[in-house]
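The values are calculated or read from the model by the stated rules, or taken from the named source; none is laboratory data. This is a predicted model, so every value here is computed, not measured. Don't worry about glycine lacking a Cβ; one is built from the backbone with ideal geometry, like all the others, and counts go over all protein chains shown. These area figures cover heavy atoms from the full protein model, side chains too; ligands, DNA and RNA do not enter into them. Shrake-Rupley method; radii C 1.70, N 1.55, O 1.52, S 1.80 Å.
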Amino acid sequence: VRAEAIAALVRIEAGAWSDRLLASREALLADRRDRAFFHHLVLSTLRWQGALDRALSPFSRRPLGALDAPLRAALRLGLAQGLLFDRPAPVAVSTTVDGLRRAGAERGAGLVNAVLRRALESPEPLDVRATLPAWLVERWSERFGDEACAELARVLATPPRPFLVASPSSGGRARLAERLKDEGIEAEPSTLHPQGLRVLAGVPQESRAFSEGAFVLLDAGAAAVALLAGRAAEGLRVDLAAAPGGKAALLAHSGTGPLVALEPVRSRARDLARNLRRAGGRAPVQALRADARRPPLPAGSVDLALLDAPCSGTGTLRRRPERRHRLRPEDVRRAVRLQDELLDAAAALLRPGGHLVYAVCSLEPEEGRERVAALTQRRPDLVFEDPAAQLGPEFARFVEGDPPLLALRPDRVDAEGFVAARLRRLL
Ligand SMILES: C[S@@+](CC[C@H](N)C(=O)[O-])C[C@H]1O[C@@H](n2cnc3c(N)ncnc32)[C@H](O)[C@@H]1O
């Protein structure tokens with residue numbers, strides 16, 4: 001398991017995405033507990049990598065960045081085992097060195113052994129803020145304060161809890177929870193969605209109920225955004241940036257009006273079509289491979305446009321832990337340009353009286369509040385609606401500012417970070 005984990009960390013550092021890589025490698029591990037441990041080791045090491053590096057560097061004569069990638073991966077993994085998994089130091093060191101040898105990097109074993117021994121001798125607690133890139137810490141400390149920034153870092157360094165929404169075909173969440181229990185999955189009702197369940201134990205995507213489309217697996221914040229997009233809608237609806245399709249699936253469940261779901265990236269469009277087929281629903285659904293800046297729909301024809309825009313993803317660092325190592329301030333600036341183009345295209349689709357729901361899984365104001373404010377300058381025929389009016393009073397505590405936007409922060413609610421606005425085109 002350690003050898004596989006070191007190999008995986010090396011490939012992720014070279015650019016692979018953890019979710020796809022882990023899925024492709026775990027089949028090599030026959031034992032279910034080994035697979036779970038493999039996941040946990042790799043993802044925790046990635047989440048804490050910045051803080052692990054900071055703690056390791058005084059003990060390595062050569063800078064970590066100058067070491068061969070497998071040695072760097074082994075050092076991080078070894079320290080994570082000792083400090084995050086509470087393995088006694090000698091066990092953390094010996095299993096890591098053994099893993100490194102099995103991963104074929106015999107030559108670095110002495111160095112890894114020596115550095116880890118020293119680092120684990122009398123370790124200081126890891127600095128959780130170092131798990132985030134320095135520019136983000138600076139941004140968040142300035143905006144939210146030092147304490148809230150540290151709390152955000154702490155929350156984003158923990159594994160997310162799976163969340164699911166019962167499909168209409170399941171007979172409702174109470175029946176679904178019973179069924180899942182029979183399959184060894186424990187889940188409890190959530191206040192964030194009337195059909196939502198928080199998973200407390202078990203792996204829902206391995207259940208029969210999942211393959212039969214009895215629920216949609218998505219983050220609780222994403223489910224709230226889908227709720228904001230509407231209940232029981234009847235007219236033409238479009239999800240302009242739909243893959244992998246969690247929100248589109250909930251739209252298909254929540255109305256009878258036709259739904260068109262767009263995604264330009266070929267592999268993601270394929271996943272989207274498959275996920276929407278599995279989720280079912282009463283609405284006729286069409287998944288299309290298309291760029292939403294040039295949507296294949298007539299202007300002024302749409303009752304509801306959902307734009308869950310591509311963004312820097314600073315609210316979702318928990319789910320894709322390596323994203324934090326790749327994120328640069330320019331990514332925010334680049335996302336903003338595309339978001340404006342997509343917002344203009346989405347607004348052009350609305351019929352008079354139609355609604356636009358805009359969301360980003362980013363905590364950066366440039367991508368959220370500032371984008372919709374700029375849109376309403378360009379399009380004064382669009383007006384804001386209070387998200388709490390659509391979502392219900394239990395969401396009032398997550399509605400912020402003027403104009404009122406839904407603002408979910410992972411340090412305040414067990415969900416990813418989202419900012420979302422609901423706008424209506426005047427008649
Ligand atoms: C935040 S994700 C959407 C998540 C999705 N709404 C869900 O609930 O599963 C943004 C998506 O926008 C797609 N995208 C990027 N550029 C786009 C464009 N020009 N038009 C439409 N979608 C785009 C990305 O490939 C990505 O799949």
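Criterion applied to L276, L307, L251 was being under 25 Å from L350 (Cβ atoms), within 15 Å of the ligand (Cβ to nearest atom) and free of Cβ contacts under 8 Å to residues at least 40 places away in the same chain, and the one residue passing it is L276.
Residue check: is R318 open to solvent by 10 Å² or more (accessible area, probe 1.4 Å), of a type in the set (K, R) and either farther than 27 Å from E142 by Cβ or part of a helix (DSSP H, G or I) (or both)? No; evaluated as a whole, the condition is false for this residue.
Looking across the range 254-267 at every residue that is more than 11 Å from L288 (Cβ to Cβ), within 12 Å of the ligand (Cβ to nearest atom) and not in a loop (DSSP other than H, G, I, E, B), the one that is least open to solvent (accessible area, probe 1.4 Å) is identified as S267. Cβ separations smaller than 7 Å between residues 6+ apart or across chains give the following pairs from the range 197-219 residues that are basic (K, R) to residues that are not in a loop (DSSP other than H, G, I, E, B): R198/F163; R198/A187; R198/E188.
If you go through the range 380-427 and pick out every residue that is of a type in the set (K, R), buried (at least 17 other Cβ atoms within 10 Å of the Cβ) and either free of Cβ contacts under 8 Å to residues at least 40 places away in the same chain or part of a loop (DSSP other than H, G, I, E, B) (or both), you end up with 1. Comparison of A359, A374 shows that the only residue that is out of contact with any Leu (no Cβ under 6 Å at 6 or more places or on another chain), open to solvent by less than 30 Å² (accessible area, probe 1.4 Å) and part of a helix (DSSP H, G or I) is A374. Only a single criterion out of (1) open to solvent by 20 Å² or more (accessible area, probe 1.4 Å); (2) part of a helix (DSSP H, G or I); (3) in contact with a Phe, Trp or Tyr (Cβ under 8 Å, 6 or more places away or on another chain) is not satisfied by E341, namely (3). Within the range 83-127, being at pLDDT 95 or above and outside any helix (DSSP H, G or I) holds for L84, P88, L120, E121, L126, D127. If I go through the range 227-248 residue by residue, how many of them are within 16 Å of the ligand (Cβ to nearest atom) and either part of a helix (DSSP H, G or I) or of a type outside the set (A, V, I, L, M) (or both)? Looking only at that region, the number is 11.
Is it the case that R173 is more than 16 Å from the ligand (Cβ to nearest atom), over 25 Å from A23 (Cβ atoms) and over 19 Å from the mean Cα position of the chain (by Cα)? Yes; evaluated as a whole, the condition is true for this residue.
A single entry from R320, R270 fulfils the requirement of being modelled with pLDDT of 95 or more and within 15 Å of the ligand (Cβ to nearest atom): R270.
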